[in-house]
Each structure stands twice: as C-alpha cells, then as structure tokens.
Amino acid sequence: MASLSQLIAKPGTFSPRSPRTSSGLRPRRATVQRVWCASSRRERSEAADAPKHDRRDVLLGLGALGASATLMTARRAGADPIATPDISTCGPADLPPGANVLTCCPPPSNALPVDFAPPGAASSPLRTRPAAHSVTADYVAKFNAGIAAMKALPADDPRSFAAQASVHCAYCDGSYSPEGFPGVELQVHNSWLFFPFHRCYLYFFERILGSLIGDPSFAIPFWNWDAPDGMRMPAMYIDRSSQLFDPRRDGRHAPPKLIDLDYSGREPRFTDNQQIDHNLRVMYRQMVSLSPTPSLFFGSAYRAGDEPNQGPGPVENIPHGPVHIWCGDPNQPGREDMGNFYSSGNDPLFYAHHANIDRMWSVWKGLDARRHTDLTDPDWLGASFLFYDETPKLVRIRVRDVLDTGALRYRYQDVPLPWRAARPTVTAAATRRADSLLTPAAQAAGAKKAGKLPITLEEAASVAVKRPVAARRSKADKASREEVLVIDGIEVDRDVAAKFDVFVNAEDHAAVGSGGRELAGSFVNVPHRHGHGHGKKGRGIKTTLRLALNEQLEDLKAEGDESVEVTLVPRQGKGKVKVGSVRIELMH
Ligand code: C2O
C-alpha cells in the first residue's frame, strides 16, 4: 500500500505537534460549518488573526485510508429518533461570561403537549414570504407592529419576543437532553436536524406574529442574500427607530456594504462586482457541487443517544455560518447578537436570515426532482421538537410534519436564482495534477510521515489522497455514486472561531481566483457552548467535513488520476484546529 501514503516535505517546513493516537477510533461524523452557541473573549482575538496567506505548503502522509467505500447513511441498529423531553427537564444553558440572558428555558406548561396537526387550507390562508428588499412600506409597518406586539408581552408569555428568542438558545446551548438520554446534550445544529428544526421554529414564530396583529395571512420576509439585489442588510432592519433594528451588529456592515457569504472575520478586498460574483459562486458550490444527494445536503445522521455535532451539511456550513458572523457585533464579548447562537434570536434579522436558509431547502428540492429528495430515514422523519403555538399551547411537531411547506400553508416569493449559472471556474495557473507529486522521493518521505496525522493546522498543509476508483468513471456511475472527500477527526475548542479552506489539486492555493474551482469547500466554526449540566462542559467538539468531489474532479480534469492533492489552509484560528485524517469515500 505504499502508493497510499505518498508524502513529501516541501521546502517550507512543517513540524507536527505530538500525534494523537486516538485518531480513527471515533465514530464517523459528517460535514461541517457551524455557528456556535456562545463564545468567549478569545474569539475576538481570533477574529483578528485572519488569513495571512502562508504560501508554505507541507505535504503529509496518509495511511491506507483512501480506498474505503462506505455508505454514509447505514442505519445503526437500536437507534431511535431524537425527541425533546418534557420542558420541565429544561436545565440551565451554558452561557458565556457576560451573556445578556439568564435562562433559555420556555415558560412552563400545565398541560401535556399536543401532537401537531397540519392547518387545513380552509382555516389557514396561504402565506407568501416576500424577499425583504422588495417589500412595501405597508408591509414594513405591519411587520413592525407585529414585532412590537411580541416585544410588549412579558417574558413569561411564550409568545413574547424574549421567549421566542430563547427557544433558539435552549435548543443550542445545552438546556435539553434527548428524551431517554439525560446525560447527553440535545443540539439542533451540526446535523440533519438543522433544516427541520429551524423550519418549525419560524413556522410558530410566524403564526404567533400573525395572530398578534390579527392577520393570519401575514408572512415573514426572507433575506435574499443569494441574489445581487438582496446582498445588503435589508433596509427595514437598519432604521434605528424601527423594532427591527438591533444595536448589537457589526457597524461596518450596514448598507451599502455587500455581504461576504464566505466571511471569516476578515474584510475581503473585493469590488462590489467581484463580491457579487464571488457570492454567486459560493452559492453554486454549496447548493449544487456539494449537495448532490440528500445525505450530503441535510448533514449527518443524529439519533437518540448520539453525541451532538455529527456534522452539518454544506448550507449550514456556508453561507449559514458566515452570515451569522458577518452580522454579529465584533465589539461584544461573544459577537452578540447574531454571531452567537444563544443570542442570535434577539436580532429580528435572524428570522429573515433563517427564512432564506429555509427557502434553500425548498429551492434545493426544485433543482433536481430525481436526486434532490427529502431523507426517508425514520430517525429523521420521527425526530420531534416542542414549541408553543399562538394560543399558546405546547405542540409536539415532528420532522415528517414539515417536509411540505404547502401543508404548513406558506410558500416563498418566486425570485431568480442567479447562482445556478455560476459554476466555479478553474484557475489554470494554479492547478496541477496530483500525479506530478508522486516522485519516488516523495513516496519515501510520505511513507515515513504517514503516522504524523492528526495534524494541528498552523499553516497550509497538503496531503496526497488515493481515490477509491482506479479509472475514469462512467456517467451513469457518477450519477449514482459520489466521490466524497472526508476530513475526519476535526477537533476545535468550542470557544474558538475557526475556518480552514480545502483545496484540491491547487499548485498554488494563493493564486486560486475567488470562488475558484480548486476550492472544494471550507470548514467554519463559530464559537458556542454546549452541554452544561450534562457532564460535557468544557469539551471541544469533534466533527467531520464531507465534500462532494464528482463535479470538481470533472472540471479539474482529474478524473483519470489515481490520487488528488488536498491542501488545508487555515484562515481563522490558526494552530487551534486539529485534523485527524483525510480520505475519499464513495457514497450513494
Ligand atoms: Cu440555529 Cu442560524 O442558527
């Protein structure tokens, strides 16, 4: 298996930290990019330590990890769907020092939760959620009145803005344990619960708001950040006299500043046109290239008894995470409000951001009727959450209840998807074929270095990774099986803001154009806390990044190669992220 461990040290040096022997023994996790629930001051100093391009590359050895072919969705025997327990079990959240809330638990209920029943078309008008940048003054006035009414309610009313904001905190900062697993934290991020949980959350928020203004047809807006006209903070949210304004935001990012959907704490040096082009390519990459199948799109399986953070899907990674960080106030200790999960529900903009995330679920299903379907795993369909409705009574709602927005009586305004045509392009000068690396000397060096993983990412590091398929694959094979780059055993402290980029076959990663094809994807970690009261406090997270490769290998003309060169480039949190292993798997 010598060919599996080609490695090299290029001039430029690399001195790995002491290897961790536990790598590889932990359960597999999936994809990444997270916004954390809470954070410490350390995050702020990290934000300053943004991407200095370090052109020194280091090549690392790989063991015989490349050739395994596994099915990611294999059902584990004995597992069950995650269920939220009785809310009386809600415990203290793990909040950062200086947090501006004390508890995240919902007000108690005297009655047991009722099971969700879909509203009939007769009783519930179809609500059309509009693009936030395109609404009328009347709409803004109504929306303001609704938020004002929520804010006017006392915090112990579950319909109040404060109680609604804390719903998010409770499900993110460790206030619950899954039913039947009192020692384990319930976490709705970084797994396949991400899309359905937030859909339910917005659904009840919208019903409450509509009932408070006496208009059940009122629909909350979505922040259309995936199209050029929507790439600024929508005007209605930045009017200081408005209920939609939140002072805890990044002041540099008020309009006319364009959002960077790939934001990592550093201001990009783009013209507006470059930023738009970059954002569209980022959208294409996350929604198309990296999301060919349901298990990749939704994120990793997360079942009762599992540790949290099994691995988010591409959209949860990017743009979801960067949009949170871009909005949050860097002068607050935890980048509140949007930059931290515990506080993000306090910013009305959160609901518009998540409406667009929710819209991406619908849009994705519409992109490919054959392959883009909801998951069918019973542990996903049966997962359940508790919410108060507008009456207010406690409702248990399941993932299977929210697959069809029509059944929930809402839809999204139909707007163009300009990113569909923004397939990233190859930067010819920056690409190389992995084969060119595999000199005998390199192989020898690699064999010796194969044990050096895991690595702490202090600087750019490259790995030659064997592909599980020997030859060019047929069209039919590619349509049914995806080659997936699995970056496993990613460890980062929960309080550290971290981002690293993953390039494939980039001779010179610094020369890759913005949104270039050589960039396979990124890992993003936004600080949060979790597990308070569940014996998990103080632990870092361990997770996995999964990046679909079929389309990229096609574009890079690397489909005939035996291996690819993967370069990991730390952008934020240098020296604070460990990577356990890198391999390529085939998955359906
Ligand atoms: Cu529950 Cu955008 O976070």
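The values are calculated or read from the model by the stated rules, or taken from the named source; none is laboratory data. Quantities reported herein were computed from a predicted structural model and do not represent experimental measurements. Cβ coordinates were reconstructed from backbone atoms using ideal geometry, including for glycine residues, and neighbour counts include every protein chain displayed. Ligands, DNA and RNA are excluded from the accessible area calculation, which covers all protein heavy atoms including side chains. Shrake-Rupley method; radii C 1.70, N 1.55, O 1.52, S 1.80 Å.
Tabulated values for the structure
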quantity	calculated
So ARG269, is it surrounded by 21 or more Cβ atoms within 10 Å (Cβ to Cβ) and more than 17 Å from the chain's Cα centre (by Cα)	no
Test: ARG249 is surrounded by 22 or more Cβ atoms within 10 Å (Cβ to Cβ) and within 30 Å of ALA145 (Cα to Cα)	yes
Near pairs, Cβ below 6 angstrom, 6+ apart or cross-chain, from the range 489-516 (assigned to a helix (DSSP H, G or I)) to any residue that is of a type outside the set (Asp, Glu)	HIS509/PHE503; HIS509/THR567; HIS509/VAL569; ALA510/HIS53; ALA510/ARG55; ALA511/ALA429; ALA511/ALA430
Number of positions in the range 415-467 that are at pLDDT 85 or above, buried (at least 20 other Cβ atoms within 10 Å of the Cβ) and among the small types (Gly, Ala, Ser)	5
Enumerated helices (runs of 4 or more DSSP H) restricted to the range 309-383, each holding at least 1 residues that are small (Gly, Ala, Ser) and within 16 Å of the ligand (Cβ to nearest atom)	321-327, 341-344, 349-367
Residue that is surrounded by the most Cβ atoms within 10 Å (Cβ to Cβ) [pool: residues in the range 231-246 that are part of a loop (DSSP other than H, G, I, E, B) and of a type in the set (Ser, Thr, Tyr)]	SER242
Residues being away from the ligand (no atom under 11 Å from the Cβ) and open to solvent by 10 Å² or more (accessible area, probe 1.4 Å) - total across the range 164-180	4
Looking only at the range 170-189, and only at residues there that are acidic (Asp, Glu) and either touching a Ser or Thr at 6+ places or on another chain (Cβ under 9 Å) or not assigned by TED's automatic domain parsing to the domain that holds ASN340 (or both), the one that is modelled with the lowest pLDDT	GLU185
The lone exception for SER160 - which of (1) modelled with pLDDT of 95 or more; (2) touching a Leu at 6+ places or on another chain (Cβ under 8 Å); (3) more than 24 Å from PHE194 (Cα to Cα) it fails	(3)
Filter pass, ASN273 being in a loop (DSSP other than H, G, I, E, B) and of a type outside the set (Ser, Thr, Tyr)	no
First in the range 316-329 and closer than 22 Å to PHE297 by Cβ, second anywhere and near the ligand (Cβ under 10 Å from one of its atoms) and of a type in the set (D, E, K, R), Cβ under 8 Å, 6 or more apart	GLU316/ARG34; ASN317/ARG34; GLY321/ARG34
The one condition in (1) touching a residue at least 40 places away in the same chain (Cβ under 8 Å); (2) over 30 Å from SER175 (Cβ atoms); (3) among the charged types (D, E, K, R); (4) not in a loop (DSSP other than H, G, I, E, B) that ARG199 fails to fulfil	(2)
Candidates VAL140, VAL167, filtered to the one that is among the β-branched types (Val, Ile, Thr), at pLDDT 95 or above and assigned to a helix (DSSP H, G or I)	VAL140
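Residue-by-condition table, conditions (1) open to solvent by 40 Å² or more (accessible area, probe 1.4 Å); (2) polar (S, T, N, Q); (3) outside the structural domain of ASP86 (by TED's automatic domain parsing):
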| site | (1), (2), (3) |
| --- | --- |
| LEU112 | yes, no, no |
| ALA122 | yes, no, no |
| ARG127 | no, no, no |
| HIS133 | yes, no, no |
| THR136 | yes, yes, no |
| ALA149 | no, no, no |
